[in-house]
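Shown next, in structure tokens, is the structure this report addresses.
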Amino acid sequence: MMAEELHFHKEPEQETQAEPSSVPETPAVEESQDVLSLLKQELAELLAQRDEYLDGWQRAVAEFVNYKKRIEREREQMHQNAVGNVVRHYLDVVDDLNRALKNRPAQGDGAKWADGIELIYRKLLTNLEAEGVTLIEGQGQPFDPNRHEAISQEPNADHESGAIIEVVQNGYLLGERVLRPARVRVAQ
């Protein structure tokens, strides 16, 4: 009985080996090529979809970065506008203190008082500089209509034509922006 079982197991093996040689290979190869073609097509579609998603993601990131930069610029501009509006009010005080110090008494109690006023004036200028406010240069400089306002043109042998003879009222910048142009007399 054991011999029959062994024989039984060998017999199906022989039959399975005989079958593949009798089946033609062409349909199996064609089917494999069709499956491969479908897989290649599906891969190409997935790669195209991936590229589309990647492009969309990159655009979204770029738009977000640009948005952040724009918001930061707008915030900085609003800050400068607010500082500029407040500082403009104090420029008149600076001018008044400057005029008062030009006519300061040299002796007596008035001189001590003028020294105190000068300390206040310097402190105010230091605080303005800390906010980014700077004085516009004028005396002897060439006239720049973006930074200076000419109140007169006068013949002057000591200065070239277009040079500033005198600064009548100081001008100030906040960063690169003109808060108030310098009022000047210009040589002809």
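The values are calculated or read from the model by the stated rules, or taken from the named source; none is laboratory data. Since we're looking at a predicted model, the values are computed, not measured. We place every Cβ from the backbone using ideal geometry, glycine too, and count neighbours over all the protein chains shown.
Key figures
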| item | result |
| --- | --- |
| Any hit, the stretch 17-39, residues being modelled with pLDDT of 85 or more and touching a strand residue (DSSP E or B) at 6+ places or on another chain (Cβ under 7 Å) | no |
| Within the stretch 126-149, considering residues that are among the hydrophobic types (A, V, I, L, M, F, W, C) and crowded, with 16+ Cβ neighbours inside 10 Å, the one nearest to residue 164 (Cα to Cα) | 143 |
| Restricting the stretch 99-134 to residues that are within 12 Å of residue 170 (Cβ to Cβ) and modelled with pLDDT of 90 or more, the residue that is nearest to the chain's Cα centre (by Cα) | 133 |
| Conditions (1) part of a helix (DSSP H, G or I); (2) modelled with pLDDT of 90 or more; (3) not aromatic (Phe, Trp, Tyr); number of the one not met by residue 165 | (1) |
| Options 93, 83, 87: the member that is exposed (fewer than 14 other Cβ atoms within 10 Å of the Cβ) and out of contact with any His (no Cβ under 9 Å at 6 or more places or on another chain) | 93 |
| Meets criteria (farther than 19 Å from residue 91 by Cβ, touching a Lys or Arg at 6+ places or on another chain (Cβ under 7 Å), among the charged types (D, E, K, R) and loosely packed, with under 12 Cβ neighbours inside 10 Å) for residue 160 | no |
